[in-house]
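Colleague: Could you have a look at this structure, given as structure tokens, before my questions?
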Amino acid sequence: DDVDISNEVIPDTSSSDEEDGELGPRIRKTPGKFKDFVTGKRMQEAIEAEEALHNALHNLAVFVSGDDPKTFEEAQKLDVWRK
């Protein structure tokens, strides 16, 4: 059992936290296997952005009329399109 302990950090035993019996807050890290996934706050932001885009496109569809000419010849006949 050759275990490399050269980089092992040994906490100072004279710490006041240990005397009180309380530990400090745990440092949380996302496991490496989840680096390709969007989770937590970023996931919520992505959902909200998608909903905002959907609502904007829906509003655009409501304001766009279907009366616009489909071809140049149709547009040429209308005064509004000649200006």
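The values are calculated or read from the model by the stated rules, or taken from the named source; none is laboratory data. Because the structure is a prediction, the values reported are computed rather than measured. Neighbour counts run over all protein chains shown; Cβ positions are idealised from the backbone, glycine included.
Colleague: Report yes if ASP12 is at pLDDT below 80, exposed (fewer than 10 other Cβ atoms within 10 Å of the Cβ), more than 18 Å from the chain's Cα centre (by Cα) and of a type in the set (Asp, Glu), otherwise no.
Modeller: It is true that ASP12 is at pLDDT below 80, exposed (fewer than 10 other Cβ atoms within 10 Å of the Cβ), more than 18 Å from the chain's Cα centre (by Cα) and of a type in the set (Asp, Glu).
Colleague: Please identify the pairs in which a residue from segment 22-44 that is surrounded by 10 or more Cβ atoms within 10 Å (Cβ to Cβ) has its Cβ atom under 7 Å from the Cβ atom of a residue that is of a type in the set (A, V, I, L, M), counting only partners at least 6 apart or on another chain.
Modeller: Close Cβ pairs (under 7 Å, with a partner that is of a type in the set (A, V, I, L, M)) amount to VAL38/ALA46.
Colleague: Could I ask something else about it? Of all residues in segment 44-70, which are of a type in the set (A, V, I, L, M) and modelled with pLDDT of 85 or more?
Modeller: Matches in segment 44-70: ALA46, ILE47, ALA49, ALA52, LEU53.
Colleague: GLU73 fails exactly one of the following numbered conditions: (1) assigned to a loop (DSSP other than H, G, I, E, B); (2) modelled with pLDDT of 65 or more; (3) of a type in the set (Asp, Glu). What is the number of that condition?
Modeller: (1)
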